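Readers should treat all values here as calculations from the given coordinates under stated rules, not as data from a laboratory. Predicted model, so just to flag it, every value in this text is computed and none were measured. Cβ placement follows ideal geometry from the backbone for every residue including glycine, while neighbour counts extend to all protein chains displayed.
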Amino acid sequence: MSKSPSPSRADHSSQSPLEQALRVLRHRERSAAEVDRYLTGRGVGDDEREQVLETLARTALVDDRRFAEVRAASLVDRGAGNEFIRHELARAGVDSELAEETVASLPSETERVARIIARRGAGPKTARYLAGKGFSEDVVRTVVAYSASFHSMFFLHEHAF
């Protein structure tokens, strides 16, 4: 006895391009480029994709500025640095100028790093973590320098008595 496909697994080729786009937007914000790539992958032609994207933009269902702000804030909450955020926005097809504006509106990397250091401590392990999260080399160097100066102060204080 075979089961019928669940609605989430059903063939969506019978849906209009607009319905397909609305379906993918149901789960999270997406950039216009992401929706365009999605529709391209579903075999939707150029003219139809353009019409759908215009409709979505006109009705504010797709807004690259809003997408960039939401995505960047989400990445900041997950401990990402500016370089990683820029990379993710570019990967999503966000215009580089808009990506730069968005990154400039975020709390400074220094503030974000201070919170991470308060949680994880300063040291080479945290510096590697920050580098992997896309923080600038200057910020990572500062963490290492701070750690070294803190440890040398602690060592001198401990052995002074």
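Distance between the modelled labels on ALA90 and GLU48, one decimal in nanometres: 3.3 nm (7 Å Cα→Cβ projection).
Each label point was placed 7 Å from the Cα along the Cα-to-Cβ direction; for ALA57 and LYS125 their separation is 4.9 nm. Using R0 = 41 Å, the C-beta based FRET efficiency linking VAL144 and ARG65 works out to 0.70.
Loop-located GluC sites (Glu not before Pro) across segment 86-146 with a Cβ neighbour count of 15 or fewer within 10 Å are lacking, with loop assigned by DSSP.
Can you classify segment 16-62 as rounded, prolate or oblate using the Cα gyration tensor, where a ≥ b ≥ c are the square roots of its eigenvalues, rounded means a/c under 1.5, and otherwise it's prolate if a/b beats b/c and oblate if not? It is oblate, given that a/c is not under 1.5 and a/b is not larger than b/c.
A Förster distance of 22 Å, applied to the separation of the beta-carbon atoms of SER105 and GLU83, puts the FRET efficiency at 0.85.
Backbone geometry of segment 50-62 corresponds, through the Karplus equation with coefficients 6.51, -1.76 and 1.60 at θ = phi - 60°, to 3J(HN,Hα) couplings of 4, 4, 4, 5, 5, 4, 5, 5, 4, 8, 6, 7, 10 Hz, x marking Gly and Pro.
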